[in-house]
1. Any idea how many residues of the stretch 402-434 are among the charged types (D, E, K, R) and either touching a Lys or Arg at 6+ places or on another chain (Cβ under 6 Å) or assigned to a loop (DSSP other than H, G, I, E, B) (or both)?
2. So which residues in the stretch 240-258 are within 12 Å of ligand 2 (Cβ to nearest atom), more than 18 Å from residue 211 (Cβ to Cβ) and in contact with a Lys or Arg (Cβ under 6 Å, 6 or more places away or on another chain), if there are any at all?
3. Please go through the stretch 478-511 and pick out each residue that is part of a loop (DSSP other than H, G, I, E, B) and in contact with a Lys or Arg (Cβ under 6 Å, 6 or more places away or on another chain).
4. With assigned by TED's automatic domain parsing to the domain that holds residue 348, surrounded by 22 or more Cβ atoms within 10 Å (Cβ to Cβ) and more than 12 Å from the chain's Cα centre (by Cα) as the only criterion, which of 520, 533, 470, 466 stands out?
5. Tell me the helices (runs of 4 or more DSSP H) entirely within the stretch 210-314 that contain at least 1 residues that are surrounded by 14 or more Cβ atoms within 10 Å (Cβ to Cβ), of a type in the set (Ser, Thr, Tyr) and at pLDDT 95 or above.
6. What single numbered condition from (1) at pLDDT 95 or above; (2) farther than 30 Å from residue 362 by Cα fails to hold for residue 477?
7. Within the stretch 98-115, is even one residue among the hydroxyl-bearing types (Ser, Thr, Tyr), assigned to a helix (DSSP H, G or I) and touching a helix residue (DSSP H, G or I) at 6+ places or on another chain (Cβ under 8 Å)?
8. How do the pairs read when you match residues in the stretch 404-423 that are of a type in the set (S, T, N, Q) with residues anywhere that are assigned to a loop (DSSP other than H, G, I, E, B), using Cβ under 7 Å and keeping only pairs 6 or more apart or on different chains?
Amino acid sequence: METARIAQILDEMGTLLEVRGENPFRCRAYHHAAQALQGLPADLSEMIADGRLAEVPGIGETMLAKIVQLVTTGHLPAFEELKRSTPPGLVALLRVPGLGPKKIKALYDALKIESLADLRAAAEAGKIAALKGFGAKTEAKIIEGIRFVESAGNRILQSQARRLVAPILEAVRSHPAVHRVEVCGSLRRRAETIGDLDILFSAEDPAPVLDHFVTLPEVAIVLVHGPTKASVRLADSVQCDLRGVEDAQFPFALHYFTGSKAHNIAMRRRALARGLTLNEYGLVGPDGPVACATEADLFAALGLAEIPPELREDVGELEAAGRGPLPRLATLDDLTGTFHCHTDWSDGGATLAEMAEAARALGLKYLGIADHSRSARYAGGLSIERVRDQWAAIDALNQTFGSAFRLFKGTECDILPDGSLDFPDELLDGFDFVVASVHSHFGQPRDEMTARIVRAVSNPRVTMLGHPTGRLLLARDGYAVDLDAVIEAAARARSMIEINANPHRLDLDATHCRRARERGVPLVVNPDAHATGGLADLDYGIGVARRAGLGPGDLFNTAPLGAVAKALEARRRR
Ligand code: DGT
Ligand code: CA
Ligand code: CA
Ligand code: ZN
């Protein structure tokens with residue numbers, strides 16, 4: 001069993017225990033273990049064999065036994081039993097903003113609420129307001145929350161989509177009849193959220209592959225099962241479409257099923273204007289079918305440079321590709337380092353040394369540490385003394401790295417309600433960089449929030465703005481803020497804006513990244529990592545950058561270490 005799948009099971013186990021009202025420490029132990037597994041320095045089975053897993057922080061004796069059981073048998077009876085005996089709708093309630101496990105347990109105990117439908121009925125009947133510990137305000141919030149969940153529909157985060165698609169892709173790829181396989185749809189375009197999974201393969205006879213697909217253990221319900229196409233629902237109700245075509249059709253089908261729909265329509269229109277017809281099976285001209293071996297050939301046949309999937313949203317990409325090759329988009333390999341990482345000094349799970357080691361293992365040349373500032377008490381914000389202690393610890397570590405790698409001293413400093421910062425200027429002057437973020441008073445009116453953030457990004461001590469809207473995808477809208485005014489202020493003050501790469505956030509979004517670039521504001525891809533495994537989220541941030549059409553030159557953290565250090569130093573001297 002794959003490590004990622006084991007981590008997912010432990011995480012789910014923690015969540016199930018939570019909604020069942022189990023001891024919070026026990027629940028958290030599962031979440032922590034799941035997090036620890038995602039950042040392992042070596043292969044899981046190897047680490048079990050040589051006893052190193054037992055030494056990983058967050059993995060105690062009982063947890064170790066459970067992981068070993070999963071690795072050796074592929075099963076965890078306690079998990080299966082818990083899953084069987086918990087109403088499936090109960091976990092879905094966690095998606096309602098403001099409804100935590102405690103409240104869900106209370107609603108279940110008092111009113112037998114075990115699904116969104118139950119919740120809506122109870123809220124609309126005023127039964128929740130009457131409940132001890134809830135009240136009319138909470139009830140109104142819950143009704144609003146249900147509306148939010150419903151408008152988000154059954155969409156999922158890219159991170160979940162990737163987890164779900166991986167084993168299926170592997171199963172299709174390893175089928176002996178299969179030639180080519182590719183993920184299509186919104187996941188290939190790296191959209192913010194994913195409606196369903198689309199996979200395309202080529203084979204001389206697709207039917208046996210589809211027969212195999214519908215029997216995979218991940219499949220819960222078969223919706224459609226034909227000779228060239230099947231649609232199924234996976235265990236957590238996410239839909240997955242699989243299509244098979246002949247080799248010669250593959251590039252056309254790949255392009256069509258990658259979408260977006262709007263891009264496809266624009267492409268078909270362009271083909272028609274040139275006397276060609278384009279569909280998912282081919283391109284046909286006056287002299288018959290036009291053969292294409294790759295998507296690049298297909299674009300070329302329409303007089304276009306190749307358009308990367310991330311740009312296929314009909315937002316001017318055809319016009320641009322008609323003028324000549326598109327500028328190269330940024331890739332993960334372009335990143336030389338990153339900022340905004342948390343450690344166990346505040347609410348992170350790894351030490352400074354572990355985070356540095358993980359960054360080096362990824363080939364990064366520097367890492368910016370940004371633990372929370374003093375007002376963020378819920379997140380273990382650092383006092384002024386603790387900040388100074390951390391600086392000493394970072395200095396000591398940097399001594400050991402020599403010139404090959406560097407930790408930068410930073411802070412994720414709260415922007416207070418009036419736009420001032422959470423640390424005094426003398427202390428701020430001692431950091432290499434300052435990420436300024438809003439973590440409180442989300443409900444301020446739009447003009448107040450805008451003035452607050454504009455004041456912060458205009459502060460010469462602020463290096464970059466953290467998660468500019470505070471949104472949590474599929475869970476919480478961002479606060480009301482005029483981002484254009486914020487971008488304008490950042491341009492004037494020459495401060496930067498982060499692309500928070502956490503898949504729950506993706507904040508700044510691609511649309512506003514384009515505006516920031518137009519205004520000359522440098523963007524910084526930051527993982528907001530709370531454990532070593534969180535550094536892998538950088539790739540989601542690169543997805544945002546690519547969707548915005550950004551090249552390496554538009555991102556601050558693609559410069560070499562020396563240039564980055566110099567630029568930070570120059571900002572501090574202003
Ligand atoms: P999603 O699943 O909502 O996140 O978004 P997509 O883009 O993955 O959409 P999906 O799964 O419905 O369809 C996959 C692709 O197939 C879509 O991006 C473009 C293509 N497609 C689907 N329906 C149509 C259609 O009616 N017309 C055209 N031109 N293309 C379509
Ligand atoms: Ca899709
Ligand atoms: Ca689909
Ligand atoms: Zn934050």
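The values are calculated or read from the model by the stated rules, or taken from the named source; none is laboratory data. What you are looking at is a predicted structure, and each value in this text was computed from that prediction instead of being measured. Cβ sites come from the backbone with ideal geometry, for glycine too, and all protein chains shown count toward neighbours.
1. Adding up the residues that qualify gives 4.
2. 258
3. Selection gives 478, 480.
4. So the residue among 520, 533, 470, 466 that is assigned by TED's automatic domain parsing to the domain that holds residue 348, surrounded by 22 or more Cβ atoms within 10 Å (Cβ to Cβ) and more than 12 Å from the chain's Cα centre (by Cα) is 466.
5. Qualifying helices (runs of 4 or more DSSP H): 250-258.
6. The number of the failed condition is (1).
7. Yes, the stretch 98-115 contains at least one residue that is among the hydroxyl-bearing types (Ser, Thr, Tyr), assigned to a helix (DSSP H, G or I) and touching a helix residue (DSSP H, G or I) at 6+ places or on another chain (Cβ under 8 Å).
8. 411/373; 411/423; 411/431
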